[in-house]
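Asker: Just passing along the structure, written as structure tokens.
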């Protein structure tokens, strides 16, 4: 007979809050996430989000103090770029904004630059060969099979990176950068003609390896009659040190009261977080008798009382932009959970990604809403290996797309059945997607059979 797994409700309590939906308090433990960020540099190009004028978005070229974050990129490094465009100042619906990525050696020797992995996507394509991911109203959980499942360009690119896919726009994988004139690596459009509302966005994430030190820049400029600006135009923008306007002045670090995180325009330290999640002082994670959660992308004022800020620090950034990489957008989380049943009875566990309410004052509970009417806080794919279905059959490696609203207890990503003394390992991978709002938590909890 098939048994239906149900969440045990022993640790759930409902509290009424004046003027709001009821809040569910889930009694449990919340632990800091083990492991940490690596030291790989990431050029983080996300300020402005809404581009309004032509110019340099971010540049690590050493010439010009005001227009540069002069960080040397050498060996492994990444680029995260995320922008939207709403037409030009005159409101012309035929306008297209173009993004260019330029690179050059920092020295007199040619440098080989290799694209190890990467992808890009528009919110909405307007021409052939353009990768797109519209913001579709997807369900909370949708398994990915042969078709790509995505809701928004950040979601699409995160899924591509997890699956080892790329985008049609990325035709080159290797460049030889000659000293002197910068090489144009990519030229990508953000078209808005015919869209209602007049708005489109592009996410771009690239993982590089260089044979020597290089500088890199991303720039934005309008074309004419749908045609891209000339290569000379991009070089002139870089030479003139003309900056595209920034937005959202951040709250100074350490200030009290309300915080404005702002958006990032700088070079961060860390592009992946790898961890083996065990009990303190133990090589395994004992199968819990109540939920246990670990934050994902915790940040200043959003640690869920663990006091763990996972946010990548910035090696250099432009004045008036975020002073840390709040949200860890584009960072890959690669987590291993070596679970073991140390009890005398068989146990069934469930794994989920949850989006609890911020601001709990203790690590002995998390708070959730009793409805799903709040804003979307997470939209993106999660890849798992080692989980099982309700019959105990391994699902192998699977990717499931999640859409989580504020205060939502996430749907089950799968289960794990453990006999007394039995040990099994689960792996969880995700690239923290653009258009998400941190933090979330990875949760392991028992289910009961009825």
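Asker: For a quick protection proxy, order the peptides 215-225, 385-395 by their average other-Cβ count within 10 Å, most packed first.
Answerer: 215-225, 385-395
Asker: Going by average Cβ density within 10 Å per residue, which order do the peptides 337-349, 290-302 take, highest to lowest?
Answerer: Going by the mean number of other Cβ atoms within 10 Å, highest first, we get 290-302, 337-349.
Asker: How much length, in nm to one decimal, is gained on full extension between residue 76 and residue 316, taken as 0.36 nm per residue of separation minus their Cα-Cα distance?
Answerer: Gain on extension, residue 76 to residue 316, equals 84.7 nm.
Asker: Moving on to the next point. Any chance you could give the angle, 0 to 90 degrees and rounded to 10, that helix 153-163 forms with the longest Cα principal axis of the chain?
Answerer: Tilt of helix 153-163: around 70 degrees.
Asker: So, one more: How do the peptides 252-263, 319-330, 270-281 rank, highest first, by the average count of neighbouring beta carbon atoms within 10 Å per residue?
Answerer: Highest to lowest by the protection proxy: 319-330, 270-281, 252-263.
Asker: Find the relative contact order for the chain and round it to a whole percent, using C-alpha pairs within less than 8 Å whose residues are 6+ positions apart.
Answerer: 24 percent
Asker: Now a separate question. Counting other beta carbons within 10 Å of each residue's own, what order do 211, 39 fall into, fewest first?
Answerer: 39, 211
Asker: Counting just the Cα atoms, what span does segment 310-408 cover along each of its three principal axes? Round to the nearest Å and put the largest first.
Answerer: 57, 32, 27
Asker: Let me ask something else. Assuming a ≥ b ≥ c are the square roots of the Cα gyration tensor eigenvalues, decide whether segment 118-274 counts as rounded (a/c under 1.5), prolate (otherwise, with a/b larger than b/c) or oblate.
Answerer: Judged from the Cα gyration tensor, segment 118-274 comes out rounded (a/c under 1.5).
Asker: Which whole-number percentage describes the relative contact order of segment 328-418, with Cα contacts under 8 Å and a sequence gap of 6 or more?
Answerer: 38 percent.
Asker: What does the convex hull of the Cα atoms of segment 134-179 come to per residue, in Å³, rounded to a whole number?
Answerer: Looking at segment 134-179, the number lands at 112 Å³ per residue.
Asker: With r defined as the distance between the Cβ atoms of residue 22 and residue 136 and R0 fixed at 41 Å, what FRET efficiency is calculated, to the nearest 0.05?
Answerer: Rounded to the nearest 0.05, the efficiency is 0.90.
Asker: Now, a different point. Report the semi-axes of the equivalent ellipsoid for segment 269-330 in whole Å, largest first, where each axis is √(5λ) for an eigenvalue λ of the Cα gyration tensor.
Answerer: 30, 13, 8
Asker: Working from Cα positions, state the angle (0 to 90°, nearest 10) between the long axis of helix 231-240 and the longest principal axis of the chain.
Answerer: Its long axis makes an angle of about 90 degrees.
Asker: Moving on to the next point. Between residue 364 and residue 108, what is the FRET efficiency for a Förster distance of 41 Å, r being their Cβ-Cβ separation, to the nearest 0.05?
Answerer: Approximately 0.10, to the nearest 0.05.
FYI, it's all coordinate maths here, none of it is from the lab. Since we're looking at a predicted model, the values are computed, not measured. Here Cβ is always computed from backbone atoms with ideal geometry, including for glycine, and neighbour counts include all displayed protein chains.
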